[in-house]
Amino acid sequence: MERLTMPDDWIRPTYRERRMERAERLRGWAEKRETEAEAAGRRARELSDMIPFGQPILVGHHSEGRHRRDLGRIQSGFTRSYESARMAERHRGRADEIERQAERSVYSDDEDAIEKLEARIAGLEAERDAIKAYNGSCRRGHPDPSLLTDRQREALPNVLRFTPGGPPKDGSMPSYALTNLTGNIARNRKRLAELRGRQT
């Protein structure tokens, strides 16, 4: 049996490209399922329109068998239509999620992965510094939410409301917010060091 070989000029697609291809396939499947849903629903409606509204099954009549079969086809047609439409929605949702993740993810084989990671670390450090500044103002007795980023300011009421054990008395951000940020910074710095090591 012959072994398949790739051409010399073949370039392996990046992980991001493979993810986007997956999203595109899912969208194609969603369109196919939508077409199937429309066709099954249309056939079921056409069959349904052939039976007069409220027409009972005439038991013992020569039409009884055909009437029962038509009712079964109508039922299965609408079921297929519903299931296909639901599957189309599921495929489209998965494709949306892949694209959403790709927008904010940094994949190791991205050309600009190092620059993206550096920018991400800088953003996380800015968030951490903003929380530290805000918590300092709370300890001094004059909470200043303007020291927080816009996103942190919007999230502050909910963060304080749902802090385990109740919100801090001085209104400061809970300690876990800084702990989480510090952990994320450390994880991204480690990843950045690994990517730089691969380049050398």
Range of Cα positions in the stretch 113-199 per principal axis (Å), largest first
49, 25, 21
Pairwise label distance in nanometres, Ala133 with Asn180, each label 7 Å out on the Cα-Cβ vector
2.1 nm
Once R0 is set to 25 Å, what does the formula 1/(1 + (r/R0)^6) return for the Cβ-Cβ distance between Ser76 and Glu99, expressed as a FRET efficiency to the nearest 0.05?
0.10
Tell me the mean residue ellipticity at 222 nm calculated for the chain from its helices only (DSSP H runs of n ≥ 4, each -39500 (n - 2.57), averaged over every residue, nearest 500).
-25500 deg cm²/dmol
Could you name the lysines in cross-link range of Lys169, using Cα to Cα under 29 Å and dropping any fewer than eight places away on the same chain?
Lys132
Output wanted: per-residue J couplings in Hz (rounded whole) for the stretch 49-59, from phi through Karplus 6.51 cos²θ - 1.76 cosθ + 1.60, θ = phi - 60°, x for Gly and Pro.
5, 6, 9, x, 4, x, 5, x, 6, 8, 5
Principal axes first, then extents: for the Cα atoms of the stretch 71-128, list largest minus smallest coordinate on each axis, whole Å, largest first.
65, 26, 9
Which of [x] 1, 8, 16, 20, 21, 15, 8, 4, 2, 2, 1, 1, 0, 0, 0, 0; [y] 1, 6, 9, 9, 8, 8, 9, 8, 8, 7, 6, 6, 5, 5, 3, 2, 1, 0, 0; [z] 1, 7, 14, 17, 19, 16, 12, 8, 4, 1, 0 is the computed P(r) over Cα pairs in 5 Å bins from 0, in percent? It is [y]
Short version: ³J(HN,Hα) in whole Hz for each residue of the stretch 100-109, in order, from phi by Karplus 6.51 cos²θ - 1.76 cosθ + 1.60 (θ = phi - 60°), x for Gly and Pro, what are they?
5, 5, 5, 5, 10, 8, 10, 8, 4, 9
Given 15 as the ceiling on other Cβ atoms within 10 Å, longest exposed-site-free region of the chain for GluC sites (Glu not before Pro) in DSSP loops
3-110
Go ahead and run the numbers for FRET between Glu83 and Ile57, Cβ-Cβ distance against an R0 of 30 Å, rounding to 0.05.
0.70
Rounded to the nearest 0.05, what FRET efficiency do Arg42 and Glu21 have when you use their Cβ-Cβ distance and R0 = 30 Å?
0.40
Hey, any idea what Rg/Rh is for the stretch 15-104, computing Rh the Kirkwood way over Cα pairs?
1.29
Whole-number percent relative contact order across the stretch 15-104, with pairs defined as alpha carbons under 8 Å at least 6 apart
55 percent
Taking placed amide H atoms and a strict 5 Å upper bound, the residues 5 or more places from Thr149 or on another chain that come that close are none
Just add up the charged neighbours of Ser105: K/R +1, D/E -1, any other residue whose Cβ is under 15 Å from the Cβ of Ser105.
0
Over the chain, what is the mean sequence separation of C-alpha contacts under 8 Å (at least six apart), divided by residue count, expressed as relative contact order in percent?
21 percent
Whole-Hz ³J(HN,Hα) for each residue in the stretch 60-66, computed from phi via Karplus 6.51 cos²θ - 1.76 cosθ + 1.60 with θ = phi - 60°, x for glycine and proline: what do you get?
x, 7, 5, 8, 4, x, 5
How far, in nm, would the chain grow between Arg153 and Arg66 when pulled straight, counting 0.36 nm per residue and subtracting the alpha carbon separation?
24.6 nm
Please list, or write none, the aspartates and glutamates whose alpha carbon is within less than 19 Å of the alpha carbon of Lys32, excluding same-chain residues fewer than 8 places away.
Glu21, Glu24, Glu83, Glu89, Asp96
Scan of the chain for trypsin sites (Lys or Arg not before Pro) in DSSP loops with at most 12 other beta-carbon atoms within 10 Å gives a longest site-free stretch of 4-139
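Taken together, the values in this text are just the output of simple stated rules run on the coordinates, not laboratory data. In this text, all values refer to a predicted model and were calculated from it rather than measured experimentally. All Cβ positions, glycine included, derive from the backbone under ideal geometry; neighbour counts span all protein chains shown.
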